[in-house]
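Please read the structure below before turning to the comments.
The values are calculated or read from the model by the stated rules, or taken from the named source; none is laboratory data. This is a predicted model, so every value here is computed, not measured. Cβ placement follows ideal geometry from the backbone for every residue including glycine, while neighbour counts extend to all protein chains displayed.
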Amino acid sequence: MIRRDGQLLNAKHLILTFSTPHQLQSVKMAHIHCPVQTYIPNALRYFQCQQYGHSKNVCRGQTACPRCSEIGHVSVDCTKKEQCVNSKGEHPSYSRSCPDWLKEKEITAVKTFLTQKLGVFFFRHVSLWCELR
């Protein structure tokens with residue numbers, strides 16, 4: 001159970017951040033050994049343009065319907081045929097079966113793994129070096 005806004009809520013999963021560079025096998029909480037797994041976040045999709053890998057601050061796209069990928073209307077009113085903004089497939093842009101979403105999820109997993117193994121310090125220097133070039 002976790003406490004949120006003064007109320008106790010059931011929780012099946014918790015996201016913990018450790019200061020150690022090595023992954024722990026388990027943690028002990030309330031006299032119970034809990035296994036630890038690496039958290040891999042979902043692919044980042046900006047909900048205005050429906051494209052992957054960026055957020056509001058760097059978006060240059062236009063508002064697109066997540067259902068039909070047409071510019072200028074919201075999906076609540078949409079009755080058009082489904083089409084993904086990213087893959088152009090016959091599914092909505094938020095579909096977890098989209099090949100582009102699966103690719104982005106895999107990229108996120110690799111980035112998470114490399115960050116865990118090499119450390120954030122390494123990636124900050126790589127990013128800085130890329131910006132200087």
Seminar exercise, completed: Taking the range 57-68 and keeping residues part of a loop (DSSP other than H, G, I, E, B) and in contact (Cβ under 8 Å) with a residue 12 or more places away in the chain leaves Cys59, Gly61, Gln62, Thr63, Cys65, Pro66, Arg67, Cys68
Problem set entry | Residue in the range 93-100 that is at pLDDT below 90 and small (Gly, Ala, Ser) present | no
Exercise. Yes or no: Gln37 among the polar types (S, T, N, Q), modelled with pLDDT of 90 or more and either surrounded by 11 or more Cβ atoms within 10 Å (Cβ to Cβ) or closer than 23 Å to Glu106 by Cα (or both)?
Worked result: no
For this session: Could you figure out which of (1) at pLDDT 90 or above; (2) on the phi > 0 side of the Ramachandran plot; (3) over 19 Å from the mean Cα position of the chain (by Cα) isn't true of Cys65?
Result: (2)
For this session: Looking only at the range 48-58, decide whether some residue is of a type in the set (Gly, Ala, Ser) and under 13 Å from Tyr94 (Cβ atoms).
Result: no
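Can we say His54 is in a loop (DSSP other than H, G, I, E, B), surrounded by 12 or more Cβ atoms within 10 Å (Cβ to Cβ), out of contact with any Ser or Thr (no Cβ under 7 Å at 6 or more places or on another chain) and without any contact (Cβ under 8 Å) to a residue 24 or more places away in the chain?
So His54 fits the description; yes.
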Exercise. Does the range 77-89 contain any residue that is more than 30 Å from Val110 (Cβ to Cβ) and of a type in the set (S, T, N, Q)?
Worked result: yes
For this session: State whether the residues of the range 60-77 include one that is closer than 30 Å to Phe113 by Cα, in contact with a strand residue (DSSP E or B) (Cβ under 7 Å, 6 or more places away or on another chain) and basic (Lys, Arg).
Result: no
Seminar exercise, completed: Going through the range 69-104 in order, the residues found to be among the charged types (D, E, K, R), under 22 Å from Ile40 (Cβ atoms) and not in a loop (DSSP other than H, G, I, E, B) are Asp100, Lys103, Glu104
Problem set entry | Members of the range 1-37 found to be farther than 30 Å from Leu118 by Cα, among the charged types (D, E, K, R) and in a loop (DSSP other than H, G, I, E, B), listed by number | Asp5
